[in-house]
Amino acid sequence: MMKVDYKQVRETIEDTGKNLWFAGLGVLSTVEKTARNTFDDLVAKGKNRDENDVTMVEKSFDTVVEQVKTVSDKVDQGVKDTTRATLNRFGVPSSDQIQDLIARVETLNKKVEEMGN
């Protein structure tokens, strides 16, 4: 029969136990490092996404502002055109017609003054 060296078996079991313990610590360390790197990557991607979203929102806002300005200009022009047409129907002269009339009156005034001298 073979003689069992219990001291050798015990040392082997202790060494295996220690190696399992160290392997567990190594796994823990690796998982912690990977988790930290993954977390840092996620934060960086989130910040990048946040900057992209802000840029996208700013562009969208600028587009909306331009559209509002365009619509506002069209409404303003429509109101002016309607007002001008309505005043014209009632015989009220336009601003251009009034300016033309003022120029004609000034010309007549000069001619009258020249005749009086």
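Listing for the model above:
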quantity	calculated
Residue in region 24-43 that is within 27 Å of the chain's Cα centre (by Cα), part of a helix (DSSP H, G or I) and of a type in the set (A, V, I, L, M) present	yes
Single residue of GLU106, GLU114 found to be assigned to a helix (DSSP H, G or I) and either under 51 Å from the mean Cα position of the chain (by Cα) or modelled with pLDDT under 90 (or both)	GLU114
Residue match in region 18-36 (condition: at pLDDT 85 or above and acidic (Asp, Glu))	yes
Test: ASP100 is within 46 Å of the chain's Cα centre (by Cα) and assigned to a helix (DSSP H, G or I)	no
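The values are calculated or read from the model by the stated rules, or taken from the named source; none is laboratory data. It should be emphasised that the depicted structure is a prediction, and the values quoted were computed from it without experimental measurement.
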